[in-house]
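Coordinate-derived values only; no laboratory data. The structure displayed is predicted, hence computed values, not measured ones. So basically every Cβ, Gly included, is an ideal-geometry build from the backbone, and we count neighbours across all protein chains shown.
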Amino acid sequence: DSTDPSTLSRGPRPAGQLPRRPMRSGTQVIPMTLLARLQDEVKGTMRARDKERLGTLRLIMAEIKRIEVDERVEMDDDRIIGVLTKMAKQRRDSVTQYRDGDREDLAVKEEAEIELIETFLPAQLSAGDLDAAVAAAIAATGAESMRDMGMVMGRLQGELTGKADMSAVAATVKAKLA
C-alpha cells in the first residue's frame with residue numbers, strides 16, 4: 001500500500017543520498033552511513049556534555065568536511081574509513097613522541113582519541129587472519145622473493161585497508177617473502 005506512512009520517505013533528498021536514519025522499507029532496513037553515525041554521535045555527545053569526546057568528534061567531522069570542500073566530493077564510507085585510519089595512525093605516532101618526551105599527560109589524551117576513533121573503524125584482523133590473507137595474496141600473485149613485494153602489497157591494499165595496520169601487513173609480507 002503506497003499510502004502506508006511507514007514506507008513514505010521523510011521529505012526530499014538529493015538523488016543517490018542514503019537516508020540519515022534506518023527506515024523500514026517493507027521488511028528491509030536501510031543501514032545508516034558512517035557519516036550519519038558520526039553526526040548522531042556528535043549530537044548525543046553534545047547532549048551528554050562530554051567535552052573531551054565532543055572535541056575529538058568535531059576534529060573527525062572537520063577533517064571529513066575539509067576533504068569534501070577541497071575535493072568537491074561527497075565522502076562515502078570507504079573514504080571516511082581511510083580518513084579515520086589516517087587519524088588513528090597520526091595519533092599513535094604522537095603517543096610515541098610524547099612518551100619519548102616524557103609528556104605522559106598528552107600521551108594519555110591521544111590514546112583516548114585513538115580509542116574513540118577506533119569505535120568507528122571495522123574490526124581489526126587477528127594475527128592468524130592476517131597471515132592467511134598474506135599467504136593467499138602471495139599464492140595468487142605467484143610471488144617468490146622480495147622483488148615481488150609490491151605486487152603482493154598492491155593486492156592486499158584494497159582488501160585490508162581499514163581492517164589491518166598496513167605497516168603490520170608489510171612486515172608480515174616481508175617476513176614471508178624473505
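Only lysines eight or more places from Lys43 in sequence, or on another chain, were considered; those with a Cα closer than 17 Å are Lys51, Lys65. The fraction of all Cα pairs in region 55-120 landing in successive 10 Å bins from 0 to the largest distance is 21, 46, 24, 8, 0, given as whole percents. All Cα-Cα distances of region 29-178, cut into 10 Å bins from zero to the largest, leave 10, 31, 31, 22, 6, 1 percent in each bin in turn. The distance between label points at Ala36 and Ala139 comes to 3.9 nm (points 7 Å beyond Cα on the Cα→Cβ vector). Treat region 107-178 as a sphere of radius equal to its Kirkwood radius over Cα pairs and apply Stokes-Einstein at 25 °C in a medium of 0.890 mPa s; give the translational diffusion coefficient in µm²/s, rounded to a whole number. After rounding, the answer is 187 µm²/s.
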